[in-house]
Amino acid sequence: MTSGAQRVLVLFAHPAFHRSRVQRALLNAARTVVGVTVHDVYDAYPDFDIDVTREQALLASHDVIVWQHPFFWYSTPAIVKQWQDLVLTHGWAYGREGTALHGKQWMHAVSAGGGAAAYTPEGRNRHSVEQLLAPLAQTARLCGMTWLPPFVVHGTHVLTNEDLATHAQSYAALLTALRDGRTAESA
């Protein structure tokens, strides 16, 4: 558990945001949390021409990095990979001299069309979302960051408005806890 106020950065990535009621609800919830910075990566870089200096400055000025995105093909939207390839450079994010992100926290807030049962050893996808995010967890570790368990909204296609409101409230509570220096488990 950390103590004191933490600066939280939500890096949002959805290539078809206008079609996603779940991601819209989560993003709106994130924007209600005072002290949380929301950065829409597709909006900032529609041509994928990532401003590395700007992105590295955002990372350096925050303590907790939350990637919020739909769970596409057991991974992230394409721009997240582009962002990683360009922003997390050797000598800055990792390597002998690459200590800029040491001690920061990294997590993902994802929405998945499949229900929770689909992400079990017996389910259609045979692995949990957290297991499928293992390459990202390793990236965080390589960069000297603490990996936090993902926030997952399952079964997005069958959520009622009430379910969606509950998930949005839970997400806002999680971001508030992270901002306040409490662990994700205490949210």
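Read-outs throughout are calculated quantities, based only on the coordinates presented, and are distinct from any laboratory measurement. Nothing here was measured: the structure is a model prediction, and the numbers come from that model. Neighbour counts run over all protein chains shown; Cβ positions are idealised from the backbone, glycine included.
Details
- Global form of the chain, assessed from the alpha-carbon gyration tensor, a/c cut-off 1.5: rounded
- Exposed loop sites are taken as chymotrypsin sites (Phe, Trp or Tyr not before Pro) in a DSSP loop (any state but H, G, I, E or B) with at most 16 other beta carbon atoms within 10 Å; the longest stretch of the chain without one runs 75-187.
- For the chain, relative contact order (Cα pairs under 8 Å, six or more residues apart, normalised by length) works out to 29 percent.
- Förster radius 30 Å - calculated FRET efficiency between D85 and R19 (Cβ-Cβ, nearest 0.05): 0.70
- Scanning the chain for trypsin sites (Lys or Arg not before Pro) in DSSP loops with at most 10 neighbouring Cβ atoms within 10 Å leaves 1-95 as the longest stretch between them.
- Applying the criteria of a DSSP loop state and at most 12 other Cβ atoms within 10 Å to the GluC sites (Glu not before Pro) of segment 52-139 yields E97, E122.
- Calculated P(r) of segment 91-183 - Cα pairs past 15 Å, %: 67 percent
- Per-pair calculated FRET efficiency, R0 = 35 Å: T160 and T99 via Cβ, rounded to 0.05: 0.15
- Chain lengthening between R31 and T146 when straightened (0.36 nm per residue, less Cα-Cα): 39.0 nm
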